[in-house]
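Written below as C-alpha cells is the structure these notes are about.
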Amino acid sequence: MEEQHRIAAHALDSRTLDMTGTHMRNRKIVPAVLLVGLVSLVAACSSSTPAATDSAAPAATEAPAATEAAAPAVSEAPVVPLNITWLYTGPENDGGYNVINEVAMNAMGTVPGVKVNGIFEVPYSDEASQIVRQAIANGAQVIVDTTGIGTYLTDVCAENLDKVYCYSGADAGPQPANSASWWLPDWDLSYAAGVAAGLMTKSNIIGAVVPYEIPIAVQGINGYALGCQSVNPACEVKVVYMNSYFDPTAATKASKTLVNAGADVLRNLTDDASFCKVAEEEGVYAVGEYNDFASACPNSIITSTVWDFSDYMIEEAKEIQAGMFQSTGDSGFPEITPLKIGLGGPRLGTFGAFVPADVKAQVEGIFAEMVAGKNFFVGPIYDQKGKEKVKAGVELEDKFLFHDWDWYVKGVTASEG
Amino acid sequence: MDYQFLALTIATAIGISTAILVAATGELLVEKVGVYNIALEGVMLVGALTGFIAGQTTGSWVLGLIAGGVAGCAFAMVFGLITVVLRTDMIVVGVALILVALGTTQTIGSSYVAVEAVTKIPNADIPVLSSLPFIGTALFQQTWVTYIAMALPFVVAFILFRTRHGLNMRAIGENPNAADTAGLSIVGWRLFYVAVGGVLAGVGGAYITLGIVDSWAGNVTAGQGWIAFAIVFFAGWQPLWILVGAYFFGALSVLGDVGQVMGWGVPSEAFTVLPYVGTVAVMMLRAWKQKSKGAVSWPAALGLPFYRG
C-alpha cells in the first residue's frame, strides 16, 4: 500500500519532469533545473523512505488483487502505473536514430499503466548522471538509455537499487542488480547493407558517414565492407568520421566529399538523413541505418537496416509490472540480451522502387539466412594491409564482433582507429 | 588527388562556407560601428528556422531567404535595443539571447524536424565559365546566393573605404564622441547596422536550411555563428580578409573529410580542432604585430556603450 502511494506521488512529480525535460536542452539552464531537481529529490526521498526496501518494489506489484482486503480500491486495479523516462542524444525527431527510439518508447507507452517521457540532448559527461538523478527524483521508475552513456547511468542506478530499473542499450559493462542491457547484431545488418551496396555500385567505391571511432562503428564498417566484397570483390569502402552523432551540416559536407571521391553508395551510422539527401542531389544510391529512410529519400535509398526495439521494450515493461524484472548481471557481454533480428525486431526496410527484383531477392535471401542463424563472418579475413587476421574457416564470435574488433578489413579507407 | 576531385572539393568548401561568409560580412558592418553582436549564432538559428518554415509554406526559397532575413533583423534588433539603447553589457545579453534562440527555435521547430523540404536553392551554373576545365567545376557551379556572397565583401569594402558614409561609419566605431559632435546619430546608426547585420545573419541561417542541409533540425547551425564571429577577428576587420577567412575555415573543415577519404592517416579530430587553433594563432600573431606597431586593428570604441560627453 505504501508502495502504491509512492508511485502515485511519483506520478505527480513526473509532470514536473515533462517540463524540465524540455528545458534540459539548454545547458546553461541546468543549474536552475538541478536546484529544482534537488528540491524534488528531497521531497521524493522523504515520501518514499517507508517502502524503500529492496524486495518491496517487486513484491507490491506482484499480487495486486489477492489478500489485501483492507487496501483502498486503487491498489486492487490490475493496472500497475509505471513512469518510464527515455534518454536521447541529439534533438527530438532527428529524422533517424532518435525516431526509431521514440517509436519504441511510444510502443512502451501503449502498455496499460505505463507513462513515458523523453529527455533529449543528453550529453556524454557527468551532466548525464545529474540528469538521471533528477529524473529519478521526479518519479521515473524506469530509465531507458539510448545514448550509450554507460557508467554515467549504471553508477546512479547502483545508488538507487530500490527506486529504479535501468536499461542501457548495447552496454557491455557490468550491470547492477536493477539494470539490464540489450544488443542487436548490427554487424549482420551492416553486412546485409553491404550486399545491397555491392550489387548496386558501379564505381566499386561505397562510402559511410560515421560518428566516432568506436567499436560499434568499426564492426559496422567491416560488416559493410565484407558484405559488399562478398558480391563484388573489387569493392572499396571510404569512411568519414564526423566526431558527432548529430550535425547535419557536417554530415552533408562529409557525404559530398565521399561522392566527390567517387563513392556511389552512401551509408550513415550518424543519426540524421543528410547522407541520403546528398545522394538524391548527386544522383547516387544510399543504404539507411536505424530508421527506414525510403520515404525521406525515395530515389536514392536501396533499402535500410531498421532497428526496432518495440517488442523487446513492451515485453520488459510488462515484466517490470509483473515484478519479474531480471538484471543482465555483472559479467558484462555474455549475459546481456540479444535481440532477435527479423520480424518484429531489427530488420530490412523498404526497398527503393528502382531496385531490380533480383537484387532485392538476393539481399532478402541473405537476411533470411542471418535470421536463421548463419554466421557470415568467417575467415579468411584480411586487415587493411592485406595480412590474414582470421584463418580460413574460423567463425568470429559475437563477443568479438560486438566490441573487440579494433582493426579494419581490407578495402577500407578510414583514419587510424 | 586528381584534378577533378580537387575541383569538386573546392566547390564543396565554397558551397558550405556561404552561410558563414554572409553572416561574417554582416557582423563586420556591426562591429565597424562599434557594436559586437555576440548573439550571431542565435540570430542565424532564428533565420534558419524562419527561412525554412517560410520556404515550406510558400514553396519559394526566395521568400524563405527574405523571411530569414526579416526574422534575423527582428531578433538582432532585440539585441540592439537592449545593448545600444539601454547600454547593457553586450556579452551577457548576447549569450542570453543565444540560449533564448536555441530553446525557442527547438520548441517552435519541433514539427519541422525531418520534414522533407518542398523547395531548395538550386545550383546556377554560369554559362561558358562553368564549362571551363577545373575552374568551372570549382567556382562556377554554385548557387546564386554563393555568387552574391562572394561579391558582398567587395561591396562592403567599397562602402567602408570609398564613400563618405563609410567614413562616418568608421568614425562612429573609432571615436563616437567626435562623430556625435559632427552631428551623426550614434545610437541611430548603430541600431541601423545591428539591423543590417541581423538581416545578413538571418539570410545566412536560412541558407543553411534551404541551401545546404535542405531541412530543419534543432541547433542546425551547430556553431557556424560562432565561427562567423571569430572570422571577423581573424580578418582584422578588413572586408576582403573576411572572404579569405570564410573560405579558409571552409577549406579546413572539408580538408578533414578529404584527409580521411584519401587515407592520409591524420586523426579526424585534428581537422575538427584546426579552425579554432587557427583563429587563436592568427589573433595572437596580430596582437604581437600590433604591439610592436602600437596601433590596434579593431574599431577603438568596439563594445563600449555610447555616453555623450
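Positive contributions from Lys and Arg (+1) and negative ones from Asp and Glu (-1), summed over other residues with Cβ under 12 Å from the Cβ of A:Thr257, come out at +1. Note on B:Lys32, B:Lys289: ascending count of other Cβ atoms within 10 Å places them as B:Lys289, B:Lys32, the fewest first. Checking the a/c ratio against 1.5 first, then a/b against b/c, what shape does the Cα gyration tensor give for the range B:17-225? Cα axes put the range B:17-225 in the oblate bin.
Overall, the anisotropy analysis places the protein assembly as shown in the oblate class: the square-rooted eigenvalues a ≥ b ≥ c of its C-alpha gyration tensor yield a/c not less than 1.5, with a/b not exceeding b/c. Counting Cβ atoms of other protein chains within 10 Å of each Cβ in B:251-264 and taking the mean gives 6.
Using the charge dipole of the protein assembly as shown (Lys, Arg: +1 at Cβ; Asp, Glu: -1 at Cβ; taken about the Cα centre), state which of A:Ser255, A:Phe309, B:Val199 has its Cα farthest towards the positive end. Farthest towards the positive end: B:Val199. When B:Thr221, A:Thr252 are arranged by Cβ crowding within 10 Å, least crowded first, meaning fewest neighbours, the order is A:Thr252, B:Thr221.
Structural descriptor for chain B: relative contact order 36 percent, calculated from alpha carbon pairs under 8 angstrom and at least 6 residues apart. Comparing B:Gly204, B:Gly225, B:Gly265 in a Gaussian network model of chain B where C-alpha atoms under 10 Å apart are linked, the largest mean-square fluctuation is found at B:Gly265.
A simple spin-label model places pseudo-atoms 7 Å from Cα toward Cβ; at B:Ala182 and B:Asp2 they are separated by 5.8 nm. Averaged over the residues of B:266-273, the number of partner chain Cβ atoms lying within 10 Å of the residue Cβ comes to 4. Couplings 3J(HN,Hα) for the range B:88-100, derived from phi with the Karplus relation 6.51 cos²θ - 1.76 cosθ + 1.60 (θ = phi - 60°), are 8, 6, 5, 5, 4, 5, x, 5, 4, 5, 4, 5, 4 Hz, where x marks Gly and Pro.
The packing ranking, built from the mean of other Cβ atoms within 10 Å per residue, places the peptides A:364-375, A:219-230 in the order A:219-230, A:364-375, highest first.
When you restrict to C-alpha pairs under 8 Å that are six or more residues apart and normalise by the size of the range A:198-353, the relative contact order lands at 19 percent. Annotation: the residues A:Trp307, B:Trp237, B:Trp264, sorted from fewest to most other C-beta atoms within 10 Å of their own C-beta, follow the order B:Trp264, B:Trp237, A:Trp307. Multiplying the residue separation of A:Thr151 and A:Val394 by 0.36 nm and removing their Cα-Cα distance gives an extension gain of 84.1 nm.
By the rule of a C-alpha distance below 22 Å, with chain neighbours fewer than 8 residues away ignored, the lysines paired with A:Lys385 are A:Lys238, A:Lys410.
Comparing B:Gly259, B:His165, B:Phe234 along the charge dipole axis of chain B, the residue lying farthest to the positive side is B:His165, per the Cβ-charge model. Working from label points 7 Å from Cα in the Cα-to-Cβ sense, the B:Ile126 to A:Ile214 distance is 4.5 nm. Take each residue in A:254-265, count the other chain C-beta atoms within 10 Å of its C-beta, and the mean is 6. Taken along the Cα-to-beta-carbon direction at a fixed 7 Å, the label points for B:Met284 and B:Val85 span 4.3 nm.
Computed from the C-beta positions of A:Ser295 and B:Tyr307, the FRET efficiency with R₀ = 60 Å rounds to 0.55. Here the range A:159-246 is treated with +1 on each Lys and Arg Cβ and -1 on each Asp and Glu Cβ, and its dipole about the Cα centre works out to around 340 debye. Between B:Trp144 and B:Met77, the FRET efficiency from the beta-carbon distance, with R0 = 25 Å, is close to 0.40. Cross-link check: pairs A:Lys256/B:Lys120; A:Lys253/A:Lys340; A:Lys277/A:Lys360 evaluated at a Cα-Cα cut-off of 25 Å; pairs beyond the cut-off: A:Lys253/A:Lys340. Comparing mean-square fluctuations of B:Pro239, B:Pro133, B:Pro153 from a GNM of chain B with C-alpha springs under 10 Å, the top value falls on B:Pro133.
The Cα atoms of the range B:50-115 give a gyration tensor whose axes a ≥ b ≥ c have a/c of 1.5 or more with a/b no greater than b/c, which makes the shape oblate. Across the range A:289-296, rounded Karplus estimates of 3J(HN,Hα) from the backbone phi angles (6.51 cos²θ - 1.76 cosθ + 1.60, θ = phi - 60°) give 10, 6, 10, 7, 8, 4, 6, 6 Hz, Gly and Pro being marked x. Taking every alpha-carbon pair under 8 Å whose residues sit at least 6 apart, the range A:150-218 reaches a relative contact order of 21 percent. Each Lys and Arg Cβ is given +1 and each Asp and Glu Cβ -1; about its Cα centre, the protein assembly as shown then shows a dipole of about 3440 debye.
Once the chain from B:Val277 to B:Val118 is taken as fully extended at 0.36 nm per residue, the excess over their C-alpha distance is 53.4 nm. In this structure, B:Ile135 and B:Leu240 have a Cβ-Cβ separation that, at R0 = 22 Å, corresponds to a calculated FRET efficiency of about 0.65.
Extension gain for the segment A:Gln384 to A:Ala368, taken as residue separation times 0.36 nm less the Cα-Cα distance, is 2.8 nm to one decimal.
Values quoted throughout were computed directly from the atomic coordinates according to the rules given, and no laboratory measurement underlies them. Note that this is a predicted model, so its numbers are computed, not measured. Here the Cβ is made from the backbone with ideal geometry for all residues, glycine too, and neighbour counts use every protein chain on show.
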